[in-house]
Amino acid sequence: MDSAIDLSDPTRALSLPHIRYQLIRLEDTVLFHLIERAQFPLNATIYSPGAIPIRNTPSTNLSFMDWVLRSQEELQSKIRRYESPDEYPFFPDAMAETVLPPLKYPKVLWENDVCVNEELKRRYVGSILPQVCTDVGRKERAEAQENYGSSATADVACLQSLSRRVHFGKFVAESKFLQDEERFVRLIKAEDKQGIDEAITDAKVEKKVLERLRLKAEMYGTDPNMDAEAPRKINVDAVVAMYKDHVIPLTKVVEVEYLMQRLKGTKWE
Ligand SMILES: C=C(O[C@@H]1C=C(C(=O)O)C=C[C@H]1O)C(=O)O
């Protein structure tokens, strides 16, 4: 799987404008996967471990959606998805040998074990989905068994694109570190997480992200030829809240935790 960061040229890979451009493109990916998911009911059953017996496969106590996610990740690891430094599996124990020769990615990040996927999935299932799947001007059942497979497939796409988005925080953090090494070394040595969080925060950029996202959700969430009263394809407020309350905060957690480990390791990935 190709990395979205232009790793052929490490200088470009760590250019903040280039990274921010990738983050803007990822907004479209996340939004389109959410629109796909929002056409189905919440189907809460697929997130409960053991609630749906998974037939003709070794017994598992995973939820149906987790089983689909883990199975997809196992396959995708065989085609090198997780060799890319911007991809992190939700089930590291599912990683298998690749069927293709290994890729040689240039080293742009420093050794770290930062991964927020568990917290991301908890928030996705517990807070984000219930809002995204809320009725948007149409009567809807809470469950539709015939959509269990499609809902889980759309969830995998949403989770993987959200995971890439928040873990891009490592490239942002490395770029900011190189731009102001002395300040960050001082904050890291003082283990001043609050100070690091303030140093990596750009409130103007965050405001622009949310404004742009609202515009995109309003534009992509409606059919141009339908009248204004037609139901929207996505709950716009839910999309903006997702970024404001979860995506941006988790991206900053990744930035801070990556920087806290920046002076410990060797150059990696
Ligand atoms: C990603 C960045 O770092 C922080 C996180 C942001 C986000 O997740 O959208 C935006 C601005 C910063 O507060 C950045 O500076 O672009």
Exercise for review: Give, rounded to the nearest 20 debye, the magnitude of the charge dipole that the chain has about its Cα centre when Lys and Arg contribute +1 at Cβ and Asp and Glu contribute -1 at Cβ.
Suggested key: 200 debye
Check your understanding: Taking the alpha-carbon centroid of each part, what is the distance from region 94-114 to region 44-76 in angstrom?
Key -> 26 Å
Exercise for review: Could you check how much of the accessible area of region 10-260 is carbon and sulfur, as a whole percent, using a 1.4 Å probe?
Suggested key: 54 percent
Exercise for review: Tell me which residues come under 5 Å, amide H to amide H, from Leu109 once H is placed; ignore anything under 5 positions away on its chain.
Suggested key: Trp268
Check your understanding: How large is the dipole of region 25-179 about the Cα centre if only Lys and Arg carry +1 and Asp and Glu carry -1, each at its Cβ, rounded to the nearest 20 debye?
Key -> 200 debye
**Study point:** Cβ-defined net charge surrounding Leu69, 14 Å radius [Lys, Arg +1; Asp, Glu -1]
**Key:** -2
Check your understanding: According to a simple spin-label model (label point 7 Å from Cα along Cα-to-Cβ), what is the distance in nm between Met95 and Leu16?
Key -> 3.1 nm
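Take the Cα pairs of region 10-260, get the Kirkwood Rh, then feed it into Stokes-Einstein at 4 °C and 1.567 mPa s and tell me D in µm²/s. Write out the running numbers ahead of the final one.
Details: Rh = 19.7 Å.
It diffuses with D of about 66 µm²/s by this estimate.
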Exercise for review: Would you please calculate the Kirkwood hydrodynamic radius of region 25-80 over all C-alpha pairs and express it in Å, rounded to one decimal?
Suggested key: 13.2 Å
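Per residue, how much accessible area does the chain have with a 1.4 Å probe, in Å²?
On the way: 13620 Å² over 269 residues.
Value for the chain: 51 Å² per residue.
The values are calculated or read from the model by the stated rules, or taken from the named source; none is laboratory data. Computed from a predicted structure; not experimentally measured. Positions of Cβ are backbone-derived with ideal geometry, glycine not excepted, and every protein chain shown enters the neighbour counts. Quick note on the areas: whole protein, heavy atoms, side chains included, nothing else; ligands and nucleic acids left out. Shrake-Rupley method; radii C 1.70, N 1.55, O 1.52, S 1.80 Å.
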